[in-house]
Structures are given as structure tokens and as C-alpha cells.
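Undergrad: What follows is a single structure, and I will ask about it in a moment.
The values are calculated or read from the model by the stated rules, or taken from the named source; none is laboratory data. In this text, all values refer to a predicted model and were calculated from it rather than measured experimentally. When we count neighbours, we look across all protein chains shown, and the Cβ atoms used for this are built from the backbone with ideal geometry, even at glycine.
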Amino acid sequence: MNSPFLSAVVIAFNEERNLGRCLESLAGVADELVVVDSGSTDATVAIAESHGARVFTHLFEGHIEQKNWAADQARGEWLLSLDADEALSEELRQSILEWKSAQSASPLVGFRMNRLTSYCGHFVRHGGWYPDTKLRLWKTGHARWTGENPHDRLELVDASRSSGHLKGDLLHYSYHTVEDHRRQIAYFSDIAAGAYSGATWLAAPGIRHLKGAFQWTKNALIRGGWRDGKTGWTIARWSAFATLEKYRKIAHLRRLHRLLEKADRTTIKRVLVCRTDAIGDVAVTLPIAGFLKSVNPDLEVDFLTRPYAAPAARAAESVDRVVLWEDNSAPDLAGYDAAILAFPDVDVARQLEAAGVPIRVGTRRRWPFARFMNVHNAASRKSSGRHEAWHGLDLALSLHPAPGWSKAGLRVPEDEGAWHAWSRLATEPWETVAQKVQGADSWLVPGKQHVILHAGSNNSATNWPLERYLACMEALVKSGCRVLWTGTAKEGAALKDAWIPNEEVVDTTGKLTLDQLMSLIAAADGLVASSTGPLHLAAGLGTSCVGLYAQEAPMWPERWRPLGRHARWLSTRVHTPSGHLDIPLEAVLQALTNIGKASASE
């Protein structure tokens, strides 16, 4: 009798950290490797292909659905399923090889194995985490994935058939850091809350705290988690927190449903994102719309802003319609199911309440603004150390737009690709715009690199000294670049008194509308500015840019740096005698050089 043909099946998404170890443990054991990827943006697919796997791409619809679909792609007589963060121990490898070589006509149609989990480098054997027996090896057609997402389990189709047990452990490298555990809790609690159909009273504050306390007692004491030392106590703490988070989110979702039902609505179909301050603030708020569209493409997402910032919102690929807010006339805001106020504008909040918008999301830290909000966010923007765009996303997550998304699972700038996609802007080609601006058709010269210097900030941020901008201009021209100055007419007047005209330098100050400025930025090769609207617009337009920042509040880069694949920033605690940023010219020129190389390589 020939050895059974064994297919190993793995589902993956952005698993470059784990997948190689998983596939290496299967070498010489599996006759076929099948990896089903759900759209990874890292090296997951390349790693799978380098190990000789058959790679499929399939839209993720849930853990159960994905694993069943993946199993259907395998060609083996027997199937072995692993998660990307799992690997066979040497003893388990030998057990599978012995089973394959036995050539026995056994009636068994499946095999179980113990799973041993690594938590921050420590294998956990108590607290209910071990042996954690799993059915993972089965004869084709005799088992299917079932359960409730995200808690999948493999079950034999015919419960009367027998399964065996293999020696050795399935090693589970699930938690490299405590932060990994927190992100998983955020992910699974989102899904569990969305799928919950039990009694509402179980999510009441007093009840859920009792359930959390019992979860801690069960893991730390009853199941002997204390035997794993510090690791056991840490696991018990976060397991209790997971229970609290699940039921807190259940209570929150039930409240959202009640707010909608009170307005005779069943689901959120139209959302209004509100930001009525400066252009740069609007730019870093646009990821809210991009995020909402990414998890629900059918959602209508409109953006409320003032007329001067409206072009930035209109350029956002994820915004369906721009609504203008003017002091002398309020727009009709009725018809929206939810509104997200990224800026605590009391007048806007009052108008939304008067219009009967069922769900109004905003901070509880500003009064009287907070009294018009019925879904509150308590995060402190001053002390969190998070980016302004992250705080906007934090507000959007209050709508629970899709199971599995959580602010704890997305960071800036680690997930720069996602932020870039959600912030993406599109504008009219400069060639078309240049025909509408007198003399603009000669501003850009074919074959030249063009760098924009935006020296003003309208007092919104500490700036670089004008003399260093001028020195930067001279260095760029000397290197063969063409320089374009942008800004207001007032800023241009101050500039003209400080530099000698040069044919490789163009003064565009006071000559462009915001729409036209955006087209120029999109056509340029680089931009240098402090924390201003044009800097954030450049990042969204995909233009290389360098932002200049003071390291102290309120304009520190942790909160206000540009978000984009070609965005860089420099910061300093040192100021010149005039109070400007004391950032060396050489550092800015080097940052521009590095950006140019990154852009050229893509």
C-alpha cells in the first residue's frame, strides 16, 4: 500500500513573521502545500511561493468559510490544517511520518493533536491553555470547519466515525508580545459582539464585571495558571479584560440599535463626517471616510466642512459628497443616520441634534459641545501620544462599521499602507490647470525636478527661519532643481524683499486657488513645509514631502506628522533666537534626497 498523499492547508493574511516557520515545519511531511491568502500587503505570498506552495487569493468572508474554501482547493487524500502562526514540533512531525509509513488500513478518518501555545517566549501548560486538543488531520470529505466566527473548530461529518491521537505538540506562536494579545482581544471581541444574540442584561456593567472577575479566578486559580508564574498572571489579567471588552461592546451595539430604532431606522446607510477648522485638519480627518468605505463600500460617506477647505474634501476618493458649512446659513442635515464630529464645533453639533440625526459621535471632553453628542469618546488628544488621524478613526469605530476592526489593531505609522490608501487624493492635471492661470504654463519645465517651498504657516505652527528656506532654495537650484514658492500674497510680499530673482525660481504666492495649488503639488517632485495644509495635501497626493516640527505640544509630530508613503518629517527641541525651528539645512536636503530615491524605486 502506498503512503497517503497528504496536503497541508494554511490560510494567511500579512503573516510574513510566521509563515516561513510554519511551512518549514511541514517540509518532508506534506506532499502538497496549499496557502490561501486574503490580500496580504507584506511578503506573505512571496514566502509561500519560495517554499513551493500552491498559492490562492480568496476574499476573506470569515475564518470558517475561508478554511473550508482552502480545504476544497487541496488535492490530497488526507488534509492537514495549520494556522500561519502554528508549526509542527519535531515529535509531532515524527508521529505524522510514522502514520504515513504504517500503510495501515485503519478505520480512523481523523487525528487529533495537542496544541502548545507560546506567550512572549514562554510555553504555557496551565490555566486551561494546554493540552488544547485539536482535530487537524483528516481524510478528505470526512470533516468540515464549523462553529461561530471567529471561534472555528473542525468536526467529523459522521460523529460515529473514530479519530485517533498523535503524539507531539502543535506549537502555537500566537503572542510575541502582550500588545499582540491586546490586538487579538480587540479583534475577537469585535466579532463576538457583532455575532452575539443572547440576553442584553448579561452586558450590564455590574454583570460583566462579575463575569470578568470569574474569568480571572478560573484562569489564574482554578485552572492553575499561577503555575506558569508571571506569564500565568498576565494571561489571567488579559483574559478577564477580554470578557469585559466583549460585553462592553455588546452593550454599545445594543445602544446603537436602540438609537436607530427610535428614529425608525434599522441600519447605518449614510454617515456625515464633520470637520470645520483648517485645511490641514481636514486632510488628516479624511482617513475616516476612507476607513468607512474600506469596510463597507456601500456606505454613503459625506463630508461637512467650510468653503475654503472644501477642495481638499472634494479631492478625497472616498468622499461621496461635500456639504458646506457657512456661518450665515446652515445646510439641511436631516437624512443622515450618523454623524462623526472630528472637531468639537458647538454650532454644528446643535444643528445635527435639531435635524434629528440618530447617532452623533464626538468627544465628551468639551462642554457644552458634549451635551449634543449621544455617543461619546473619552480619549485625550493632548495626552494620548497618538496621531490626529488615529483619533478620527477612534471616533469612526464607535459606529462598529465592520466586525474585526479595532483601534488597538491599527497603528500609525506601522500600518502606513492602510493610512495612505484611506487618505488618497486625486486632482485635476496640472497641464489643464496651467492654461487657466496667467503665465503658469512656463512654471514646470520638462526634464527638471521641481520642489515646492511653502514657507508660511498662517501662525498654525512653529516655522523654519526664512533665511534657511532661502538657503534651501539656493542649494536646490545649485543641484539642478527648479524651485516654486507657494503661499498667500502676504507671505509672498515678505519673500520678495529677501531674495534675488532667479530663472530657476518661480514665485506662485497669491496666484492660485486651493484647487490649483493641489494640482501643482501633485505635479511637483517634492515639498518642504512646517505642519500646514499643503504638507498634508502633498502626503495625500503622493508627492514626496518633508515636514518640519517642534517636538513639544501643541504641534508635535506624534500628533500632526504627514501620513503617506513619501512623507518624512524632522523635529527639534532647539529654537533660534527668533523662536523658529533650529533644524539644520543639511538634514532637510538629506531627507529630500532619501525621498527621491524611495519614489524612483517604486
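Undergrad: Within the range 66-97, track down each residue that is polar (S, T, N, Q) and assigned to a helix (DSSP H, G or I).
TA: Scanning the range 66-97 gives GLN66, ASN68, GLN73, GLN94, SER95.
Undergrad: Of the residues TRP499, TRP485, only one is over 25 Å from GLY280 (Cα atoms) and aromatic (Phe, Trp, Tyr); which?
TA: Result of the check over TRP499, TRP485: TRP499.
Undergrad: Quickly run through the range 162-188 and pick out the residues that are among the charged types (D, E, K, R) and surrounded by 15 or more Cβ atoms within 10 Å (Cβ to Cβ).
TA: Within the range 162-188, ASP169, ASP180, ARG182, ARG183 qualify.
Undergrad: Does the range 54-77 contain any residue that is within 21 Å of HIS165 (Cβ to Cβ) and charged (D, E, K, R)?
TA: The answer is yes, given that some residue of the range 54-77 is within 21 Å of HIS165 (Cβ to Cβ) and charged (D, E, K, R).
Undergrad: Can I ask one more? Output the residues belonging to the range 465-480 that are crowded, with 20+ Cβ neighbours inside 10 Å and within 16 Å of ASP525 (Cα to Cα).
TA: Result: CYS472, MET473, LEU476.
Results for (1) touching a residue at least 12 places away in the same chain (Cβ under 8 Å); (2) over 31 Å from the mean Cα position of the chain (by Cα), shown as yes or no for each residue.
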| position | (1), (2) |
| --- | --- |
| GLY439 | no, yes |
| PRO446 | no, yes |
| SER457 | yes, no |
| THR486 | yes, yes |
| GLU491 | yes, yes |
| ASP497 | no, yes |
| ASP525 | yes, no |
| SER530 | yes, no |
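Undergrad: Taking the residues in the range 496-508 that are within 21 Å of ASN463 (Cβ to Cβ) and out of contact with any Phe, Trp or Tyr (no Cβ under 6 Å at 6 or more places or on another chain) as candidates, determine which candidate is surrounded by the fewest Cβ atoms within 10 Å (Cβ to Cβ).
TA: Here the answer is ASP497.
Undergrad: I need every pair where a residue in the range 107-126 that is under 17 Å from GLU155 (Cα atoms) has its Cβ under 8 Å from the Cβ of a residue that is of a type in the set (Val, Ile, Thr) and surrounded by fewer than 17 Cβ atoms within 10 Å (Cβ to Cβ), sequence separation at least 6 or different chains.
TA: ARG112/THR133; MET113/THR133; ASN114/THR133; ARG115/THR133
Undergrad: Moving to a separate point now. Does VAL451 satisfy being assigned to a helix (DSSP H, G or I), of a type in the set (A, V, I, L, M, F, W, C) and at pLDDT 95 or above?
TA: Against the criterion (assigned to a helix (DSSP H, G or I), of a type in the set (A, V, I, L, M, F, W, C) and at pLDDT 95 or above), VAL451 does not qualify.
Undergrad: Let me ask something else about it. Go through the residues of the range 583-591 one by one and say whether even a single one is part of a loop (DSSP other than H, G, I, E, B), at negative phi and charged (D, E, K, R).
TA: no
Undergrad: In the range 216-268, how many residues are among the polar types (S, T, N, Q), under 30 Å from the mean Cα position of the chain (by Cα) and assigned to a helix (DSSP H, G or I)?
TA: Residues meeting the conditions: 4.
Undergrad: Here's another thing I want to ask about it. Could you identify the single residue in LEU304, LEU299 that is in contact (Cβ under 8 Å) with a residue 40 or more places away in the chain and closer than 30 Å to GLY62 by Cα?
TA: Exactly one residue qualifies, and that residue is LEU299.
Undergrad: Follow-up. Taking the range 49-64 as the search range and keeping residues that are among the small types (Gly, Ala, Ser) and more than 24 Å from the chain's Cα centre (by Cα), which one is surrounded by the most Cβ atoms within 10 Å (Cβ to Cβ)?
TA: Filtering the range 49-64 for residues that are among the small types (Gly, Ala, Ser) and more than 24 Å from the chain's Cα centre (by Cα), the one surrounded by the most Cβ atoms within 10 Å (Cβ to Cβ) comes out as ALA53.
Undergrad: Follow-up question, since we're still on this one. Within the range 549-574, track down each residue that is under 20 Å from THR285 (Cα atoms) and in a strand (DSSP E or B).
TA: Of everything in the range 549-574, those that are under 20 Å from THR285 (Cα atoms) and in a strand (DSSP E or B) turn out to be TYR549, ALA567, ARG568, TRP569.
Undergrad: Can you spot a residue in the range 516-538 that is over 18 Å from HIS420 (Cα atoms), of a type outside the set (S, T, N, Q) and in a loop (DSSP other than H, G, I, E, B)?
TA: yes
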